[in-house]
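Down below is the structure, laid out as structure tokens.
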Amino acid sequence: MTVPLLKIGAVLSTMAMVTNWMSQTLPSLVGLNGTAVSRAGTSEKIVSRPGTGAGGRGEGPRCIAACGAGTGGPPGPSARRPLQVQNISQSMEVLDLRTSRDLQYVRNTEALMRGLDARLRVAADGQRSLNARSFQELKDKMRELLPLLPVLEQYRADTRLVAHLKEEVRNLSGGLLAIQEEMGAYDYEELQQRVLLLEARLHACVQKLGCGKLTGVSNPITIRASGSRFGSWMTDTMTPSADSRVWYMDGYYKGRRVLEFRTLNDFVTGQNFVQHLLPHPWAGTGHVVFNGSLYYNKYQSNVAVKYHFGSRSVLVQRSLPGAGYNNTFPYSWGGFSDIDFMVDESGLWAVYTTNQNAGNIVVSRVDPLTLDVLRSWDTGYPKRSAGEAFIICGTLYVTNSHLAGAKIYFAYYTNTSSYEYTDIPFHNQYSHISMLDYNPRERVLYTWNNGHQVIYNVTLFHVIKTSGEL
């Protein structure tokens, strides 16, 4: 037994070295030297339970695309402004959010590895004391380390993304150098038009790279286990990555208490939070935080409420015309989930149904300032047959159940007013989902699953033509 134990100890030592290397090298590799993910005197961790597959991250959010230069395109708003490299900054922001989260998980795993290594050394020195029970405990501890493997794979994938971003920067620098060399050959007006054209083409490419068709969802990552069976939790879908506050709303019926945590790590440990007491109770779990305000359905009505956290006041409230409420048209799990607010890359949406459209899901664009309905689509999909739903890039995705065995079964495209049936696997870890929302800033799905707060990474696919206009 000595040889296997020593081999396991060697593996643990190697994994500890990898952890140390990543904590020192990876932040500088992806430009995150200024990102603080831990503070002295506090306990910060990402909760992951053994045997649940919570660490199975797949390849994380990505957009598979080939973007060509093309010709033509409308001029941008200003010729005096430098070229915008939003695609690079957007990708780096996603890397920032994900890497900070995973790096903290790796750091906490290091302590587990050191403890297990010490126990293995004791067992190797005194093998007679290693009975069946203690050996099983060692196996259980080893199983707790399994979620670390896909996280390490994610870091490997991120290094490839960083290399791609470096190439984009190099290409942009070359383009700017070429313009600089040609400045003597063009007058100001011609140079202005060339800069505007490049800016417009880059902006069009950014817009397409930022969106895509959903092709996959990762395994779930359990952040915390707390609260009742039903509830919702979220981060702001619009603010910069420096704002990492988390909002937590337990329950689906007549609730008014919203907890605001300073960071994700504070949410995990249950500390450093303030309480907001809403003036009107909520119904369901379809709430969303957008640009500093909470949008939710007022209890016993089809009224949408916009509550501003900064001023602690309701800025506006307005009824959604004809929308059902009070469990008239909920999702399959019930819970007064008649009205579901969502945010994607283009803004605020409301998903509900009416008597006029026979209980089929209605998707409406909503003005976030006035709560006016701007435009609506009848998807033709019965809402009571849907487990939950979310929107990515103007496309509504619907799961066929809120229980185990669910999959993403239906997609409605608002840009073409068309739909298709899909078959995208969706691992329902804890067998009862009562909230599912997409965060376009982080490109992840937030889920409340039977008293567990869970996230999923998504894979988006978009092919961009390499010839002709963008």
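The values are calculated or read from the model by the stated rules, or taken from the named source; none is laboratory data. In this text the structure is predicted, and so the values were computed from the model without any measurement. Every residue, glycine among them, receives a Cβ derived from its backbone with ideal geometry; neighbour counts consider all protein chains shown. Surface accessibility is based on the protein's heavy atoms, side chains included, excluding ligands, DNA and RNA. Shrake-Rupley method; radii C 1.70, N 1.55, O 1.52, S 1.80 Å.
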**Study point:** Which numbered condition LEU315 fails, given (1) open to solvent by 30 Å² or more (accessible area, probe 1.4 Å); (2) closer than 18 Å to GLY380 by Cα
**Key:** (2)
Check your understanding: Out of the residues in the range 251-262 that are in contact (Cβ under 8 Å) with a residue 24 or more places away in the chain and of a type outside the set (Gly, Ala, Ser), which is surrounded by the fewest Cβ atoms within 10 Å (Cβ to Cβ)?
Key -> LYS254
Check your understanding: Right, LEU320: at pLDDT 95 or above, under 16 Å from PHE336 (Cα atoms) and crowded, with 18+ Cβ neighbours inside 10 Å or not?
Key -> yes
Check your understanding: Inside the range 333-346, can you point out the residues that are in contact with a His (Cβ under 8 Å, 6 or more places away or on another chain) and not in a loop (DSSP other than H, G, I, E, B)?
Key -> PHE341
Practice item. Determine, yes or no, whether SER232 is in contact with a Ser or Thr (Cβ under 7 Å, 6 or more places away or on another chain), within 30 Å of GLN317 (Cβ to Cβ) and modelled with pLDDT under 95. Key: no
Review point. Can we say ARG262 is basic (Lys, Arg) and under 26 Å from LEU97 (Cα atoms)?
Key: yes
Study note, to complete from the structure: Residue pairs within 6 Å by beta carbon, gap of at least six or interchain, first lying in the range 268-283 and in a strand (DSSP E or B), second open to solvent by less than 50 Å² (accessible area, probe 1.4 Å) and of a type in the set (S, T, N, Q), listed first then second, are ALA283/ASN297
**Study point:** In the range 390-413, residue most open to solvent (accessible area, probe 1.4 Å) [restricted to those that are in a loop (DSSP other than H, G, I, E, B) and either touching a strand residue (DSSP E or B) at 6+ places or on another chain (Cβ under 7 Å) or among the acidic types (Asp, Glu) (or both)]
**Key:** ASN400
Check your understanding: Are any of the residues in the range 446-462 at pLDDT below 90, over 15 Å from PHE267 (Cβ atoms) and surrounded by fewer than 19 Cβ atoms within 10 Å (Cβ to Cβ)?
Key -> yes
Point to revise | Residues of the range 310-331 classified as hydroxyl-bearing (Ser, Thr, Tyr) and out of contact with any strand residue (DSSP E or B) (no Cβ under 9 Å at 6 or more places or on another chain), total | key: 2
Review point. If we scan the range 191-211, do we find a residue that is touching a Gly at 6+ places or on another chain (Cβ under 9 Å), surrounded by 18 or more Cβ atoms within 10 Å (Cβ to Cβ), at pLDDT 70 or above and not in a helix (DSSP H, G or I)?
Key: yes
**Study point:** Residue in the range 347-374 that is farthest from VAL305 (Cα to Cα), counting only those that are in a strand (DSSP E or B) and in contact with a Ser or Thr (Cβ under 7 Å, 6 or more places away or on another chain)
**Key:** ASN360
Check your understanding: Can you name the condition, by its number, that THR215 falls short on among (1) within 29 Å of SER376 (Cβ to Cβ); (2) open to solvent by 30 Å² or more (accessible area, probe 1.4 Å); (3) more than 18 Å from the chain's Cα centre (by Cα); (4) not basic (Lys, Arg)?
Key -> (3)
Practice item. Determine which member of the set THR416, THR422, THR379 is in a strand (DSSP E or B) and surrounded by fewer than 19 Cβ atoms within 10 Å (Cβ to Cβ). Key: THR422
Revision key, fill the gap. Screening SER91, SER129 for residues that are surrounded by fewer than 17 Cβ atoms within 10 Å (Cβ to Cβ) and modelled with pLDDT under 70 leaves only SER129
Check your understanding: Only one residue in PRO368, PRO330 is crowded, with 23+ Cβ neighbours inside 10 Å and not polar (S, T, N, Q). Which one?
Key -> PRO330
